[in-house]
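**Student:** First, the structure itself, so that you have it in front of you.
The values are calculated or read from the model by the stated rules, or taken from the named source; none is laboratory data. No experiment lies behind these values; they were computed from the predicted model shown. All Cβ positions, even for glycine, are placed from backbone atoms using ideal geometry, and neighbour counts span all protein chains on display.
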Amino acid sequence: MTPAPPIFDVRNLSVSLGGAPILRDLSFTLPPGITGLIGANGSGKTTLLRSLAGILRPAQGQIRHEGQDLSAIPPRARARRIALLPQSGEAPAGLTVRDLAARGRTPWLRPFLPLRPSDQQAIDRALTATGMTDLQHRRMDSLSGGQRQRAWISLVLAQESGTLLLDEPLNFLDLPHQAELVHLLKSLAVQRHIVIIIHDLTLAARLCDHVVALRDGRLIASGPAAEVLSAPELERTFAIPFTCLETQAGAFVLPKGL
Amino acid sequence: MRVALLIAVTLALALAALAIGRSWLAPQAVLAALADPEGTGRMIWGLRMPRLLVGLIAGAGLGLSGLVFQTLLRNPLASPDIIGITQSAAFGAVCAMMTGGAVMAGAWIGALAGTVVIGWLAWDRRSGISARAAVLQGLGLAILCSAATEALILRASDGNAGMAMTWLTGTLNGIGWPQVQQALWLLPLALPLLLSGRTLDRLELPDDLARALGVRVPQARIGLAALAALLTGGVVALTGPLGFVALAAGPLSRRLARGRPSPVLAALIGASFVTLADILARAISPAALLPTGLYTALIGAPILLIVLAAEFRRNRY
């Protein structure tokens, strides 16, 4: 069996924001499937995700997406291949769920022309996938946090890109909604590749095929989830000891002493 | 639908503007006069028509640039007359008046310089331009430019000073066909803004999301801001600063467009707004001819207060 081609191939990536170095000399490849991005606050996870989305210019190094140099792809073409959902955005005033999802069609629209039937169908599919069809005509500001998060995910699904980058989509969701979203992401991963920033390592162990660990903008580990979500690697990532339990009900990963 | 309705309102106001003045005409008489430019239509074609056309273009321009700045800065207060673009354009224009330079060029230079100064002051290396900083620092710039303009006028000769003072209140008095010709130069600036609805809409999404959707966010911001600043400057050069049009047209147009930015609606509202104000200016005091800017403020301010109060209650901003 030949190994599947990498979704992202990152070579010697360094990124600075406002003159301050954030990412230092990262090199790794991401296989197809779901990749979890882990690390403490300020370790550079969001900056890495924005770099993978092609919206930050690297100070050094190169990112290839499915074999193509990311910085050489024009913005619209890039947006058809890679979608990014930033952390907890605020929806523009007055939008309904369907209006918001429709914004995901932006890279597919012809200038000055309205949505085509194919666009409407893509929006329908996105709303079905997130279970938001019944709420599609509700205004965003009338929804609960979990519903709002699903509406935002509808937007990036309507974008119909092969790669989906999600910045902490599980934050601020209660446990049932987290479980629901994990199921949704798993079902989405059949057709798309997902990179997700995730803090709950037990959820990461169950959701992700591959995990990338960062600390202070440097790469600590990149490998299969079971290897990276192990006590020694996690201790190197977070600088505190971890307990990793393999049980019949799946893996449990927690800081030691909790 | 809403656009068609507003076009009808604007046309009706335009017809009224041609009919009303020192002598009132019946609608049929207006139409008859329009068909006869050399005879009975001489007054309408010579005086009222250029005044109307410049008013329409000025109002549309102010409405557009108001909506653009408010959208770019995500703040209903961030219209060019609040954040100092109008005032820096006026300062540039008065400088040109005093030195005998081209007023339009002076206003353009002033408007662009004001925009650059605000952008530079409100710029943060990590997070880009802060809307709140832009509004507050823009208020400062507006006060500074107004004071500088007054200082210039106080030092000027009586003739220059009188002309500049009248102009500073915002007026359509003394507008003729040469000004219409100048106003037509502004159409190439207005056209891209009229077509910018989708871009403005996407710029209201979180920045990273808009960029990931393929929008060239920094380029779009800079381009739209530059066009809107030049448009403001051009209007200021023609009519002086007509108060409250730019500030009121944006929120009013959003009200009609379910909260979305609609440049076409904003332009129509601005155009009908200035036309209405000028009708009032001529109907209420045909002899004294009070400046149109006084009436735009008199109508605009209460409408704006009502709309903003409603929007705040609904938590739109």
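**Student:** Looking only at residues in the stretch A:98-135 that are polar (S, T, N, Q) and away from every other protein chain (no Cβ under 14 Å), which one is farthest from A:ARG150 (Cα to Cα)?
**Tutor:** Step one: of the stretch A:98-135, the residues polar (S, T, N, Q) are A:106, A:118, A:120-121, A:128, A:130, A:133.
Going one step further and asking which of them are away from every other protein chain (no Cβ under 14 Å), we end up with A:118, A:120-121, A:128, A:130, A:133.
Working: A:SER118: 22, A:GLN120: 18, A:GLN121: 18, A:THR128: 11, A:THR130: 6, A:THR133: 11 Å.
Checking each candidate, the answer is A:SER118.
**Student:** Further question: In the set A:GLN121, A:GLN149, which member is in a helix (DSSP H, G or I) and more than 28 Å from A:LYS45 (Cα to Cα)? Break it down stepwise before answering.
**Tutor:** Working: A:GLN149 fails: more than 28 Å from A:LYS45 (Cα to Cα).
From the options A:GLN121, A:GLN149, the qualifying one is A:GLN121.
**Student:** Under 8 Å between Cβ atoms, at least 6 apart or on separate chains: pull out the pairs that start in the stretch A:46-67 with a residue that is within 15 Å of A:LEU17 (Cβ to Cβ) and end on any residue that is in a helix (DSSP H, G or I) and among the hydroxyl-bearing types (Ser, Thr, Tyr).
**Tutor:** A:LEU56/A:THR47; A:ARG57/A:SER71; A:PRO58/A:SER51; A:PRO58/A:SER71
**Student:** Residues in the stretch A:162-179 that are over 18 Å from A:LEU201 (Cβ atoms) and either among the aliphatic types (A, V, I, L, M) or buried (at least 22 other Cβ atoms within 10 Å of the Cβ) (or both): how many?
**Tutor:** 2
**Student:** Another question, if that's okay. Among the residues of the stretch B:184-207 satisfying the criterion of being within 14 Å of another protein chain (Cβ to nearest Cβ) and free of Cβ contacts under 8 Å to residues at least 40 places away in the same chain, which is farthest from B:SER65 (Cα to Cα)? Let's see the steps before the verdict.
**Tutor:** In the first step, residues of the stretch B:184-207 are kept if they are within 14 Å of another protein chain (Cβ to nearest Cβ); the result is B:191-207.
Those still in the list that are free of Cβ contacts under 8 Å to residues at least 40 places away in the same chain too: B:191-192, B:198-199, B:202, B:205-206.
Working: B:LEU191: 12, B:PRO192: 11, B:ARG198: 16, B:THR199: 14, B:ARG202: 17, B:LEU205: 20, B:PRO206: 22 Å.
Step by step, filter the stretch B:184-207, then rank; the result is B:PRO206.
**Student:** Yes or no: A:ARG236 charged (D, E, K, R), at pLDDT 90 or above and within 26 Å of A:VAL156 (Cβ to Cβ)?
**Tutor:** On the way: charged (D, E, K, R): yes; at pLDDT 90 or above: yes; within 26 Å of A:VAL156 (Cβ to Cβ): no.
Criteria not met by A:ARG236.
**Student:** A further question on this structure: Might you let me know whether the stretch A:191-207 holds any residue that is over 20 Å from A:PHE238 (Cα atoms) and more than 13 Å from the chain's Cα centre (by Cα)?
**Tutor:** The answer is yes, given that some residue of the stretch A:191-207 is over 20 Å from A:PHE238 (Cα atoms) and more than 13 Å from the chain's Cα centre (by Cα).
**Student:** A further question on this structure: Just one of the numbered conditions (1) in a loop (DSSP other than H, G, I, E, B); (2) closer than 23 Å to B:GLY270 by Cα; (3) among the β-branched types (Val, Ile, Thr) is not true of B:THR40; which one?
**Tutor:** Among (1) in a loop (DSSP other than H, G, I, E, B); (2) closer than 23 Å to B:GLY270 by Cα; (3) among the β-branched types (Val, Ile, Thr), the lone unmet condition for B:THR40 is (2).
**Student:** Considering the stretch B:254-286 alone, what residues qualify as being small (Gly, Ala, Ser) and either assigned to a helix (DSSP H, G or I) or under 30 Å from A:LEU100 (Cα atoms) (or both)? Lay out the reasoning, then the answer.
**Tutor:** Kept after step one, since they are small (Gly, Ala, Ser), are these residues of the stretch B:254-286: B:257, B:259, B:262, B:266-267, B:270-272, B:277, B:281, B:283, B:285.
Matches in the stretch B:254-286: B:ALA257, B:GLY259, B:SER262, B:ALA266, B:ALA267, B:GLY270, B:ALA271, B:SER272, B:ALA277, B:ALA281, B:ALA283.
**Student:** Also, I was wondering about something else. Restricting to the stretch B:75-105, give me the number of residues that are within 30 Å of B:LEU304 (Cα to Cα) and in a loop (DSSP other than H, G, I, E, B). Outline the logic, then answer.
**Tutor:** Filtering the stretch B:75-105 down to residues within 30 Å of B:LEU304 (Cα to Cα) leaves B:75-94, B:104.
Retained after the next criterion (residues that are in a loop (DSSP other than H, G, I, E, B)): B:75-84.
Qualifying residue count, the stretch B:75-105: 10.
**Student:** Going by the structure shown, is A:ILE198 in contact with a Leu (Cβ under 8 Å, 6 or more places away or on another chain), within 30 Å of A:LEU127 (Cβ to Cβ) and modelled with pLDDT of 90 or more?
**Tutor:** Yes, satisfied.
**Student:** Can you pull out every residue in the stretch B:263-292 that is surrounded by fewer than 24 Cβ atoms within 10 Å (Cβ to Cβ) and within 14 Å of chain A (Cβ to nearest Cβ)?
**Tutor:** Scanning the stretch B:263-292 gives a single hit, B:VAL264.
Residues are listed down the side, and each one gets a yes or a no for (1) within 11 Å of chain B (Cβ to nearest Cβ); (2) among the aliphatic types (A, V, I, L, M):
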{"residue": "A:SER14", "(1), (2)": "no, no"}
{"residue": "A:LEU26", "(1), (2)": "no, yes"}
{"residue": "A:PRO31", "(1), (2)": "no, no"}
{"residue": "A:LEU95", "(1), (2)": "yes, yes"}
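**Student:** Looking only at the stretch A:51-80, which residues are in contact with an Asp or Glu (Cβ under 9 Å, 6 or more places away or on another chain), at negative phi and more than 10 Å from chain B (Cβ to nearest Cβ)?
**Tutor:** Listed by number, the residues that qualify are A:GLN60, A:GLN62, A:ILE63, A:ARG64, A:HIS65.
**Student:** Ok, one more. Could you list, in sequence order, the residues of the stretch A:64-89 that are surrounded by 21 or more Cβ atoms within 10 Å (Cβ to Cβ) and not in a loop (DSSP other than H, G, I, E, B)? Talk me through it step by step, then tell me what you get.
**Tutor:** Within the stretch A:64-89, the first condition is being surrounded by 21 or more Cβ atoms within 10 Å (Cβ to Cβ), and the residues that meet it are A:65, A:70, A:78-79, A:82-86.
Listed by number, the residues that qualify are A:HIS65, A:LEU70, A:ARG78, A:ALA79, A:ILE82, A:ALA83, A:LEU84, A:LEU85.
**Student:** Which members of the stretch A:124-146 meet the condition of being among the polar types (S, T, N, Q) and assigned to a helix (DSSP H, G or I)?
**Tutor:** If the condition is that a residue be among the polar types (S, T, N, Q) and assigned to a helix (DSSP H, G or I), then A:THR128, A:THR133, A:SER142 are the ones that fit.
**Student:** I'd like the residue in the stretch B:209-251 that is hydrophobic (A, V, I, L, M, F, W, C) and within 14 Å of another protein chain (Cβ to nearest Cβ) and, out of all such residues, is surrounded by the most Cβ atoms within 10 Å (Cβ to Cβ). Break it down stepwise before answering.
**Tutor:** Of the stretch B:209-251, the ones hydrophobic (A, V, I, L, M, F, W, C) are B:209-210, B:212-213, B:215, B:217, B:220, B:222, B:224-231, B:235-238, B:242, B:244-249.
Add one more test, that the residue is within 14 Å of another protein chain (Cβ to nearest Cβ), and what stays is B:209-210, B:212-213, B:215, B:217, B:220.
Working: B:LEU209: 24, B:ALA210: 23, B:ALA212: 29, B:LEU213: 26, B:VAL215: 24, B:VAL217: 21, B:ALA220: 17.
If we take residues in the stretch B:209-251 being hydrophobic (A, V, I, L, M, F, W, C) and within 14 Å of another protein chain (Cβ to nearest Cβ), then B:ALA212 is surrounded by the most Cβ atoms within 10 Å (Cβ to Cβ).
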